[in-house]
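Structure, as structure tokens:
The values are calculated or read from the model by the stated rules, or taken from the named source; none is laboratory data. As the structure is a computational prediction, the values presented were derived from the model and not from experiment. All Cβ positions, glycine included, derive from the backbone under ideal geometry; neighbour counts span all protein chains shown. For the accessible areas, the whole protein counts, side chains as well, though only heavy atoms, and no ligand, DNA or RNA atoms are used. Shrake-Rupley method; radii C 1.70, N 1.55, O 1.52, S 1.80 Å.
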Amino acid sequence: MLRTFIATIIVTLSVFTLTLYSCEKDACKKVNCQNGGLCDNGGCVCPTGYSGARCEIYEPCMTITCMNGGTCVDGTCNCALGFEGQYCETISRNKFFGLWVVTEDGTTSNPAQYTVSLVAGSTANEVRILNFRNTSSNSVIAFVYQDTIRILPQNIGGFDISGEGVLTGGLNTPQDQKIDFRYKVSKDGVTDDFGV
């Protein structure tokens, strides 16, 4: 009798356990993950670049890390002043550093050829032009904007100076690089205009 009672209890518990187990539902049955997301325990696990309850939100900047103060907008890095490259990893002014041979002919001066040196200035986009106009005491401040260099109006030794140049040719081979530059030097109402 005791055996029959115990057997009845075991059979009843087994049926009850089977009944409970068969009532469980598939948590992912009605879940529709989008954009390649996979359902896990009723929630979507989204692929890189997507978020949201159903992976419906595309976030192109999720996997992009912009360097040097750059910010990601629509999957592209917008670089801070003085930087460039896919991830703002390159300092723009570095390609201007070094010795440059200047060949110039102004509107009021004689043709000349001499060497200048471009070195780092105090900010990420600033350079100093040493030996400007073949005078070792003259150091002119210029600013780099990707492949453009600008001398903002400034007074050096009593002369007003301004100008702009563009780096051309041989961007990957420094020996072939050239800066097409135009600048003006003025004093007492007389302007010496130096073309390319």
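Within the stretch 120-134, being closer than 17 Å to Asp192 by Cα and either polar (S, T, N, Q) or open to solvent by less than 30 Å² (accessible area, probe 1.4 Å) (or both) holds for Phe132, Asn134.
Filter the stretch 135-147 down to the residues that are in contact (Cβ under 8 Å) with a residue 24 or more places away in the chain and either open to solvent by 30 Å² or more (accessible area, probe 1.4 Å) or out of contact with any strand residue (DSSP E or B) (no Cβ under 7 Å at 6 or more places or on another chain) (or both) and list them by number. Hits for the stretch 135-147 are Tyr145, Gln146, Asp147.
Residues in the stretch 59-73 that are touching a residue at least 12 places away in the same chain (Cβ under 8 Å) and loosely packed, with under 15 Cβ neighbours inside 10 Å: Pro60, Met62, Thr63, Thr65, Gly69, Val73. In the stretch 161-196, of all residues being part of a strand (DSSP E or B), among the acidic types (Asp, Glu) and at pLDDT below 95, the one that is most open to solvent (accessible area, probe 1.4 Å) corresponds to Asp180.
For every residue, the table says whether it meets (1) more than 30 Å from Asp188 (Cβ to Cβ); (2) modelled with pLDDT of 95 or more.
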| position | (1), (2) |
| --- | --- |
| Asn78 | yes, yes |
| Asn94 | yes, no |
| Gly98 | yes, no |
| Ala112 | no, no |
| Thr115 | no, no |
| Val119 | yes, yes |
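If you go through the stretch 148-160 and keep only what is farther than 23 Å from Ser92 by Cβ and either surrounded by 13 or more Cβ atoms within 10 Å (Cβ to Cβ) or at pLDDT 95 or above (or both), you end up with Ile156, Phe159, Asp160. Taking each residue of the stretch 176-194 that is without any contact (Cβ under 8 Å) to a residue 12 or more places away in the chain and looking for partners that are of a type in the set (A, V, I, L, M, F, W, C) and in a loop (DSSP other than H, G, I, E, B) with beta-carbon atoms closer than 8 Å, six or more apart or interchain, yields nothing. Every residue in the stretch 104-118 that is β-branched (Val, Ile, Thr) and open to solvent by less than 50 Å² (accessible area, probe 1.4 Å), please. Val116, the sole residue that qualifies. Applying the criterion of being free of Cβ contacts under 8 Å to residues at least 12 places away in the same chain and farther than 15 Å from Thr168 by Cα to the residues of the stretch 86-110, the residue that is farthest from the chain's Cα centre (by Cα) is Asn110. For the stretch 74-85, the set of residues classified as open to solvent by 90 Å² or more (accessible area, probe 1.4 Å) and without any contact (Cβ under 8 Å) to a residue 24 or more places away in the chain consists of Asp74 only.
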